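Reading through the structure tokens given below for one structure.
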Amino acid sequence: MASQHVPFDPPAFLSLLIGASLVSFELYLDLFPEYQPPPVAALREFVGPDVCRGITYFVIVVHSLETLYVVKVLRSRGESDWKNILMWVVASLCLGLFGTYKLFKKTEDKTKKVE
């Protein structure tokens, strides 16, 4: 199998903003109940603190599994640059699919004729 370098392609700004906002809000909802304004505290009470904690654990486990899969895909493509792999790993751990969707995006075939 030929080695294929997969350069790190950072997520688009909107994806980065959405992913970071969702992760930040979930951590805020779960870890800082004493600093929440009344509407957020009401949401936490409606959903339940145990559900918030369960979501946090679920996200950690899923992002860890996604990261292992990203490393497997990069290694199977012959990637050997550890800095590049590290950037993909950080993007996957922090943002999940928001950070790594470009790794799995299909490339367009530019040889097709336009009719």
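Here are a few things to note about the model shown:
- Selection status of Gln4, at pLDDT below 85 and over 17 Å from Val90 (Cα atoms): yes
- Residue within the range 58-67 that is over 26 Å from Glu26 (Cα atoms) and not polar (S, T, N, Q) present: no
- Top-ranked residue of the range 48-62 - restricted to ones that are touching a helix residue (DSSP H, G or I) at 6+ places or on another chain (Cβ under 8 Å) and of a type in the set (A, V, I, L, M), ranked as surrounded by the most Cβ atoms within 10 Å (Cβ to Cβ): Val59
- Residue in the range 88-105 that is in a helix (DSSP H, G or I), of a type in the set (D, E, K, R), at pLDDT 90 or above and surrounded by 15 or more Cβ atoms within 10 Å (Cβ to Cβ) present: no
- Residues of the range 5-20 satisfying the condition of being over 12 Å from the mean Cα position of the chain (by Cα) and without any contact (Cβ under 8 Å) to a residue 40 or more places away in the chain: Ala12, Phe13, Leu14
Here's the yes/no breakdown for (1) within 30 Å of Asp9 (Cβ to Cβ); (2) of a type in the set (A, V, I, L, M); (3) modelled with pLDDT of 90 or more:
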site: Pro33; (1), (2), (3): no, no, no
site: Pro37; (1), (2), (3): no, no, yes
site: Glu45; (1), (2), (3): no, no, yes
site: Tyr57; (1), (2), (3): yes, no, yes
site: Val62; (1), (2), (3): yes, yes, yes
site: Tyr69; (1), (2), (3): yes, no, yes
site: Lys72; (1), (2), (3): yes, no, yes
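- Restricting the first member to the range 63-79 and to residues that are exposed (fewer than 14 other Cβ atoms within 10 Å of the Cβ), and the second to residues that are outside any helix (DSSP H, G or I), the beta-carbon pairs closer than 6 Å and six or more apart or on different chains are Gly78/Ser3; Gly78/Gln4.
- Residues (surrounded by 10 or more Cβ atoms within 10 Å (Cβ to Cβ), of a type in the set (Asp, Glu) and over 23 Å from Cys94 (Cα atoms)) located in the range 7-47: Glu45
The values are calculated or read from the model by the stated rules, or taken from the named source; none is laboratory data. The structure presented is a predicted model; accordingly, all values stated were derived computationally and were not measured. Cβ coordinates were reconstructed from backbone atoms using ideal geometry, including for glycine residues, and neighbour counts include every protein chain displayed.
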